[in-house]
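The values are calculated or read from the model by the stated rules, or taken from the named source; none is laboratory data. No experiment lies behind these values; they were computed from the predicted model shown. Counting neighbours? That spans all protein chains shown, and the Cβs are built from the backbone with ideal geometry, glycine included. For accessibility, only protein heavy atoms count, side chains too; no ligands or nucleic acids. Shrake-Rupley method; radii C 1.70, N 1.55, O 1.52, S 1.80 Å.
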Amino acid sequence: QVQLVESGGGLVQAGGSLRLSCAASGRTLNTYIMGWFRQAPGKERERVAAISRSGGTTYYADSVKGRFTLSRDNAKNTVYLQMNSLKPEDTAVYYCAAKEQGSTWSPQYDYWGQGTQVTVSS
């Protein structure tokens, strides 16, 4: 079992940047495939990005490619989502997620954080 805590959300202007962090406890992070999801009001949860255990492979939703970068620091048990060139449509609650097995880009995850709000003003 792993516990995940997101941080770094906030209110930014369009075109600005934020870096979200997901800190894990209970087990070393390198055990897990990690992902970021988001859910905007009135919309379904959207898969944003995912990263393999070693960090060697990453995946991004088409909506964020070229703007978001997912990385992990297993020594710190932390994953990061660097979000640049933010758009109002990026406004959502962002969730960190972890799983022990499965394809990296598969949407099924076993553990979830509480989420952090990202609001992008126009």
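Tell me which residues, restricted to segment 65-98, are among the charged types (D, E, K, R), farther than 24 Å from Gln13 by Cα and surrounded by 21 or more Cβ atoms within 10 Å (Cβ to Cβ). Across segment 65-98, the qualifying residue is only Arg72. Say whether the condition of being modelled with pLDDT of 95 or more, on the phi > 0 side of the Ramachandran plot and not in a strand (DSSP E or B) is met by at least one residue in segment 54-67. Among the residues of segment 54-67, at least one is modelled with pLDDT of 95 or more, on the phi > 0 side of the Ramachandran plot and not in a strand (DSSP E or B), which makes the answer yes.
A residue that is open to solvent by 60 Å² or more (accessible area, probe 1.4 Å) and in a strand (DSSP E or B) occurs somewhere in segment 33-40.
Only residues in segment 8-20 that are of a type in the set (Gly, Ala, Ser) count as the first member; pair them with residues that are at pLDDT below 95 and assigned to a loop (DSSP other than H, G, I, E, B), Cβ under 6 angstrom, at least 6 apart or cross-chain, and list the lot. These pairs meet every condition: Ala14/Ser122.
Against the conditions (1) at pLDDT 95 or above; (2) exposed (fewer than 14 other Cβ atoms within 10 Å of the Cβ); (3) touching an Asp or Glu at 6+ places or on another chain (Cβ under 8 Å), Ser121 satisfies every one except (3).
Considering the conditions (1) closer than 19 Å to Thr119 by Cβ; (2) surrounded by 15 or more Cβ atoms within 10 Å (Cβ to Cβ); (3) touching a Phe, Trp or Tyr at 6+ places or on another chain (Cβ under 9 Å), Arg53 is excluded by exactly one of them, (1).
Considering only residues in segment 3-32 that are part of a loop (DSSP other than H, G, I, E, B) and crowded, with 17+ Cβ neighbours inside 10 Å, the one that is modelled with the lowest pLDDT turns out to be Tyr32. Using the structure shown, decide if Leu86 is touching a residue at least 24 places away in the same chain (Cβ under 8 Å) and in a strand (DSSP E or B). No.
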